[in-house]
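Data block below; observations after.
The values are calculated or read from the model by the stated rules, or taken from the named source; none is laboratory data. Since the structure is predicted, the reported quantities are computational estimates derived from the model, not experimental observations. Glycine gets a Cβ as well: all are built from the backbone with ideal geometry, and neighbour counts include every protein chain shown. Each accessible area value is taken on the protein alone, full model and side chains, heavy atoms only, with ligands, DNA and RNA left out. Shrake-Rupley method; radii C 1.70, N 1.55, O 1.52, S 1.80 Å.
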Amino acid sequence: MILFKILRKSHRQRTGRSLLSVTALALSVMLLLVISHVHEAVRQYARQVASQADLIVGAPTQPVHLVLYGLFGIGAPPPAIKWSQFQDIADNPSVAWAAPVSAGESHRGHTVIGSTARYLTTLQLSAVNFITVSGSQKIFRNNYTAFVGSSVADAYQYQPGETITIARGFAPGLKDEYQKPFLIQGVLKPTGTNLDDHILVPIEGLRSVRSDHGIKSDKINFVLVKLKDRGSLFKLQQQLETRQDAPLRAAIPAIELDKLGQYERILNNVFMVMSFIIGVLALLMMFFNLSAGFAQRKQEIELLRLVGAKPWQLASIALAEPLLHIFMALLLGVIFYRIANLFLEIWIPVISIIGLPTSELMWLLSLCLSGLLIACIPAWRVYGISRST
C-alpha cells in the first residue's frame, strides 16, 4: 500500500505532461480511424451506386467525366445526344432498361435533371415528406412534379406542395422561362454530393414544356443502361462506340471508378502515414516527458528501495505507467472517433456509424508495439538505477 501511495503522489506531479501526451496520442488514433472510416464508407457508397448501372452512354468524351457526372453530379454536363439515339439504345434486345437524363435547364442557378424513376433508384436517392401516389407504386405523381435536393430546399425553404418554374440554360432571361410550373412532390435526403443542389423532374414533362415553349431540339445528355446479361457488356460497348452514323461513348462505371480508386488509395495511404507519424511523435513526447523527470525519479527509486521494493518491481512499475498512458490514449481515440462520426454524418451523410475499420488495425497494432518499445527504454534505465542503489 505504501508503495502505491508513493507512486500515486509521484504521478500527480506529472499530471499535466501526462495528459498532454495522452491527448496527442489519442488524437492520432482518432485520425487513423476517421481517415480509414471515410475511405471505406465512400468507397462502399460509390460501389453500390456504380453497381446499379452497367453502362453510361453519352456523346464522345472522357469516360471518367461521364461516370462522375452521371452518378455523382461532379463536373459540367456532358455534350448532348439525340433522343433518337436513346431510343436505339432502349430498343436493343440486350438492354433490360435505359434511363435518359437531360441537364439543360435550371432553377435559380440550380441544375434541373430530367429523367425517369430509374434515375432515382439507380443513384439510391430517397425523399422525405414524400407525397405518394394513392394506390400506385409510381414515384412521380405525374409528368409535372419535382423532387428538390436538400440544399435547394434549405436555401429557399421549399416544402412539398409548392410550385416552381424552370428555365432553359444556366443563365436564363425572362424569355427562357417555361410557363408550366412543377409541383414539388418531395425533398431528397442529403447525400453530401452535388446531387443535393439538383432538382429532378420527369423527362416526359420536361420534353412537353420544351415543346410548349417552341423548342424543337429534343436532346438529352446521357443514358443509364442496365443489361439483361452482363456477358454482353463489352459487345454492346463496342457496338455503340463504333457506330458509323453517330459514334457514342459507352463508359463502364465499375472500371472507371477502379481507375480513380488507384489514385484515391494512394492519397488515403499518405494520410494514414501522416497520422501514424503524428502518433510516433506523441510517443516520443511521452518518452521525453519520462526521461526529463529522471533526476526526480532517482530519489523516488532510492526511497522505494528503502521500503523493500525490488529492482524488477520498480522496472515493472516504470513500464506500466507508459503502457497505461497508451491504453488510455487508445480508449480516448476510439471515443473521439465515435464523436467525430456524428459530425461527419452531417457533412457527408453517406457515412454511417460502423464497426472499427478492421483493415487498419495493423496500423494501431504497429503504434502499440512502437509504444511498447519506447516504454522499455525508461523501464530498463529504472532497473539499472535500482540495482546500483
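For (1) among the small types (Gly, Ala, Ser); (2) touching a residue at least 40 places away in the same chain (Cβ under 8 Å), each residue gets a yes or a no:
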{"position": "141", "(1), (2)": "no, yes"}
{"position": "151", "(1), (2)": "yes, yes"}
{"position": "157", "(1), (2)": "no, no"}
{"position": "160", "(1), (2)": "no, no"}
{"position": "174", "(1), (2)": "no, no"}
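Okay, residues lined up against (1) assigned to a helix (DSSP H, G or I); (2) open to solvent by less than 60 Å² (accessible area, probe 1.4 Å); (3) modelled with pLDDT of 80 or more; (4) more than 30 Å from residue 340 (Cα to Cα):
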{"site": "40", "(1), (2), (3), (4)": "yes, yes, no, no"}
{"site": "52", "(1), (2), (3), (4)": "no, no, yes, yes"}
{"site": "71", "(1), (2), (3), (4)": "yes, yes, yes, no"}
{"site": "88", "(1), (2), (3), (4)": "yes, no, yes, yes"}
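Tallying residues that are of a type in the set (D, E, K, R), open to solvent by less than 40 Å² (accessible area, probe 1.4 Å) and touching a strand residue (DSSP E or B) at 6+ places or on another chain (Cβ under 8 Å) within the stretch 232-278 yields 0. Based on this model, can you work out whether residue 229 counts as open to solvent by 60 Å² or more (accessible area, probe 1.4 Å), acidic (Asp, Glu) and more than 24 Å from residue 140 (Cα to Cα)? So residue 229 fits the description; yes.
The number of residues in the stretch 176-220 that are in a helix (DSSP H, G or I) and either within 21 Å of residue 139 (Cα to Cα) or open to solvent by less than 50 Å² (accessible area, probe 1.4 Å) (or both) comes to 12. Taken residue by residue, the stretch 285-306 has at least one member that is under 33 Å from the mean Cα position of the chain (by Cα), modelled with pLDDT under 75 and part of a helix (DSSP H, G or I). Of all residues in the stretch 36-76, those that are among the hydrophobic types (A, V, I, L, M, F, W, C) and in contact with a Ser or Thr (Cβ under 6 Å, 6 or more places away or on another chain) total 2.
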